[in-house]
Amino acid sequence: MRPFTYERADSPAAAAAAVERRPGAKFIAGGTNLLDLMKLEIETPAHLIDVNGLKLDTLEATPDGGLRIGALVRNTDLAADPRVRRDYGVLSRALLAGASGQLRNKATTAGNLLQRTRCPYFYDTNQPCNKRQPGSGCAAIGGYSRQLAVVGSSEACIATHPSDMAVAMRALDATVETVRADGTTRTIPIAEFHRLPGDTPHIETALVPGELITAVTLPKPVGGTHVYRKVRDRASYAFALVSVAAVVQRDGSGRVAVGGVAHKPWRVEAAEAEIPRGAKAVTAGLLADAKPTHDNAFKLTLVERTLASVLAEAKG
Amino acid sequence: MHHSGDLDMTRRGLLLGTAATAALTAAPFRAPARAATVGETAMPPPATGADTSSLSPVLSKVTFTVNGQRRDLELDTRTTLLDALREHLHLTGTKKGCDHGQCGACTIIVDGQRINSCLSLAVMHEGGDVTTIEGLGLPGKLHPMQAAFVEHDGYQCGYCTPGQICSAVAMLDEIKAGVPSHVTADLNAAPQATADEYRERMSGNICRCGAYSNIVDAISDVARREA
C-alpha cells in the first residue's frame with residue numbers, strides 16, 4: 001500500500017472541498033472495497049478523508065411518502081430497517097444477497113454504489129486494463145470473460161458493475177443526492193448515475209471530482225410483489241452471474257432491472273410492457289443489443305430463465 | 001509428552017520459520033514483478049490517483065479500547081486494525097488469512113458488530129471498542145462459544161477458529177436483534193435461530209479443513225442454551 005495522509009472531515013461540504021483541493025485525495029467510509037484495492041495498489045490515494053463522522057447515517061421519511069437513506073447507512077442496517085423490509089422488499093433482499101455479514105456491517109449505501117468492478121483483469125496489475133490504466137487496452141476481451149458484460153459494453157471495456165443493491169435501487173427509481181465543494185447540491189436519477197464504459201471506462205459515474213454523495217432517496221412505495229433473485233457459482237458470498245430485481249403488480253404490470261450483465265444496473269423501461277407476455281418477450285427487449293462473448297453467451301439464456309422464475313414467483 | 005528433544009520450538013516459531021523459507025523460495029519470482037512496476041512508472045499514472053510512490057510513511061495517533069483496556073498507539077496510517085492488534089499490541093489470536101476480506105479469519109467485534117479487521121484502518125477507530133478472541137475468554141474461563149467449539153470439535157487446524165468464534169457470537173446477536181438474512185423466508189417476521197440461518201450468516205468465514213458441520217453444531221448448542 002502506498003503511504004497517504006489522513007484526516008477526518010466535519011461537514012459534507014468541507015469533505016468535498018478537501019478532496020477537490022488535493023489531487024489524488026479520496027473519501028473513505030466503510031473502506032471494504034477501497035482498502036482492498038489500495039493493498040493491490042490499484043487505488044493509490046495520496047490523502048484519505050474519513051467521512052464516517054458526518055452523521056449521514058440515518059433513514060428518514062420524505063414529505064411525499066418516500067424514504068431518504070443517508071449515505072453512511074450500513075448495508076446491514078438498511079436491509080434490516082422495518083420500512084425497507086415492508087415497503088421496499090426488493091432492496092432488502094438485494095442487500096442480503098450481497099457480500100458477507102461482516103462486510104455488510106461496514107459497507108455503506110454510497111460506497112456500495114461506488115464500488116469498482118470485480119473484473120479479474122482490473123484486479124491483475126500485470127494485465128492491460130483501460131479502467132485501471134486508461135489507454136492500456138482490455139485483456140478481458142478475448143480473455144476469460146465468463147463473468148463479464150453481455151450488453152452495453154464497448155471495444156474498450158466489458159466489465160460489469162458488481163452491486164446487488166444498485167440493481168434494486170434502479171428498479172425502485174432511486175435518486176442520488178450529492179454536495180460539491182462550494183456547497184451546491186444536486187440530485188441524480190439512478191438511471192444516469194452509473195455510466196456505460198464507451199471509450200472512457202475509467203469514468204464510472206456522473207459524479208465530478210470532489211462531489212460527495214449525501215443520500216439516496218426512494219420515491220413513495222409502489223406496492224406490488226418484490227423479488228430479488230441472484231444466480232451465482234455458490235449458494236452464498238459470491239458475485240452474481242445474473243441477478244433480477246422485480247416489482248410486479250397484480251394487474252401484470254411491473255418493473256425489472258438486471259445485474260451482472262452490464263457496466264451498470266440494466267433496465268429497459270420499454271421492455272417492461274411485455275411482462276404480461278412472459279420472460280422471453282421481456283428478455284428480447286432487455287437484451288436486444290447484447291454482444292456476448294463466447295464465454296458468457298450463456299447469460300442471455302440465464303437472464304430469461306431467471307426472469308421466468310421471478311415472474312412465476314411474483315404471480316404466486 | 002515431549003519428544004522434540006533439543007528442538008524446543010513453539011508452533012508460532014515453526015510457522016514463522018516456514019514463512020521465512022517460503023519468502024526465500026518466492027524471491028526469484030519477485031524480481032520480474034519489481035521490473036514491471038518500474039516499467040509502469042513511465043506510463044501515464046492511473047486516473048484515479050496521483051503518483052504517491054515518493055510519499056514517505058505518515059504517522060498518526062489513535063486511541064481505542066481493546067478487550068476493556070485503553071490503548072494509545074502511534075501508527076503508520078496504512079496500518080489495518082488487524083496489523084495493529086497483531087504487530088503492535090501482540091494480540092495474535094486474531095488471524096491474517098487472505099488480508100482482503102474474503103476468508104473471515106480476521107473477524108473481530110467492534111462496537112458490538114463483527115467486521116473484517118483486515119479491511120479497516122486502525123486510525124479510523126478513534127474511541128472504538130474492540131473485542132478480540134482473547135477478550136471473549138481465555139483458558140480456564142472460556143466464553144460459551146469457545147467451549148462449544150472445543151466440545152463439538154469445530155475445527156481441525158484451528159487457524160480460522162478465532163474468526164469463526166467472534167463471528168458466531170456477533171451473528172447470534174444479529175438474529176436476536178431481528179436482522180434478516182438471505183434465507184429468512186418472511187422479511188417482516190423475526191428471523192429464527194436455525195441451522196440454515198447459521199450456514200448463510202457464517203458464509204463470510206471460510207474453513208479450509210471443512211469443519212462446517214461441527215461449527216454449526218457448536219453454534220446451535222450455544223443458541224439453545226441461551227434461548
**OP:** Filter segment A:182-198 for residues that are assigned to a loop (DSSP other than H, G, I, E, B) and free of Cβ contacts under 8 Å to residues at least 60 places away in the same chain and give the result.
**Re:** A:THR184, A:GLY198
Original post:
Within segment B:120-227, which helices (runs of 4 or more DSSP H) (wholly inside it) include 1 or more residues that are modelled with pLDDT under 95?
Top reply: B:212-226
Original post:
If you take the residues of segment A:95-119 that are more than 25 Å from A:ALA206 (Cβ to Cβ) and in contact (Cβ under 8 Å) with a residue 24 or more places away in the chain, which of them is surrounded by the most Cβ atoms within 10 Å (Cβ to Cβ)?
Top reply: A:ARG104
**OP:** Scan segment A:104-118 residue by residue and report those that are out of contact with any Gly (no Cβ under 6 Å at 6 or more places or on another chain) and assigned to a helix (DSSP H, G or I).
**Re:** A:ARG104, A:ASN105, A:THR109, A:ALA110, A:ASN112, A:LEU113, A:LEU114
Subject >> Scan of segment A:4-27 for residues that are facing another protein chain (nearest Cβ under 7 Å) and either surrounded by 17 or more Cβ atoms within 10 Å (Cβ to Cβ) or in contact with a His (Cβ under 6 Å, 6 or more places away or on another chain) (or both), ordered by number >> reply: A:PHE4, A:THR5, A:TYR6, A:GLY24
**OP:** Within segment B:77-95, track down each residue that is closer than 18 Å to A:LEU40 by Cβ, in contact with a Ser or Thr (Cβ under 8 Å, 6 or more places away or on another chain) and without any contact (Cβ under 8 Å) to a residue 40 or more places away in the chain.
**Re:** B:LEU82
Original post:
Which members of segment A:164-190 meet the condition of being small (Gly, Ala, Ser) and within 22 Å of A:PRO209 (Cβ to Cβ)?
Top reply: A:ALA166, A:ALA181, A:GLY183
Original post:
Which ones in segment A:82-137 are touching a helix residue (DSSP H, G or I) at 6+ places or on another chain (Cβ under 7 Å) and away from chain B (no Cβ under 11 Å)?
Top reply: A:THR109, A:ASN112, A:LEU113
Original post:
Has segment A:63-75 got any residue that is surrounded by 22 or more Cβ atoms within 10 Å (Cβ to Cβ) and closer than 21 Å to A:GLY198 by Cβ?
Top reply: no
Original post:
With respect to B:CYS98, is the statement that it is in a loop (DSSP other than H, G, I, E, B) and either without any contact (Cβ under 8 Å) to a residue 12 or more places away in the chain or closer than 23 Å to A:ALA29 by Cβ (or both) true?
Top reply: yes
Subject >> Hey, B:LEU85 within 13 Å of chain A (Cβ to nearest Cβ) and of a type outside the set (Gly, Ala, Ser) or not >> reply: no
Original post:
Could you list, in sequence order, the residues of segment A:12-49 that are in a loop (DSSP other than H, G, I, E, B) and not hydrophobic (A, V, I, L, M, F, W, C)?
Top reply: A:ARG22, A:PRO23, A:GLY24, A:GLY30, A:GLY31, A:THR32, A:ASN33, A:GLU41, A:GLU43, A:THR44, A:PRO45
**OP:** Return the pairs, sorted by first residue and then second, in which the second residue is part of a loop (DSSP other than H, G, I, E, B), the first residue lies in segment B:106-119 and is at the interface with chain A (Cβ under 7 Å from one of its Cβ atoms), the beta carbons are less than 7 Å apart, and the residues are 6+ apart or on different chains.
**Re:** B:THR107/B:ASN205; B:ASN116/B:GLY101; B:ASN116/B:GLY104; B:ASN116/B:CYS106; B:LEU119/A:GLY31; B:LEU119/A:THR32; B:LEU119/B:GLY101
Original post:
Can we say A:ARG146 is more than 14 Å from chain B (Cβ to nearest Cβ), surrounded by fewer than 24 Cβ atoms within 10 Å (Cβ to Cβ) and out of contact with any Gly (no Cβ under 6 Å at 6 or more places or on another chain)?
Top reply: yes
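The values are calculated or read from the model by the stated rules, or taken from the named source; none is laboratory data. Note that the coordinates shown come from a computational prediction; the quantities given were computed from them, not determined experimentally. All Cβ positions, glycine included, derive from the backbone under ideal geometry; neighbour counts span all protein chains shown.
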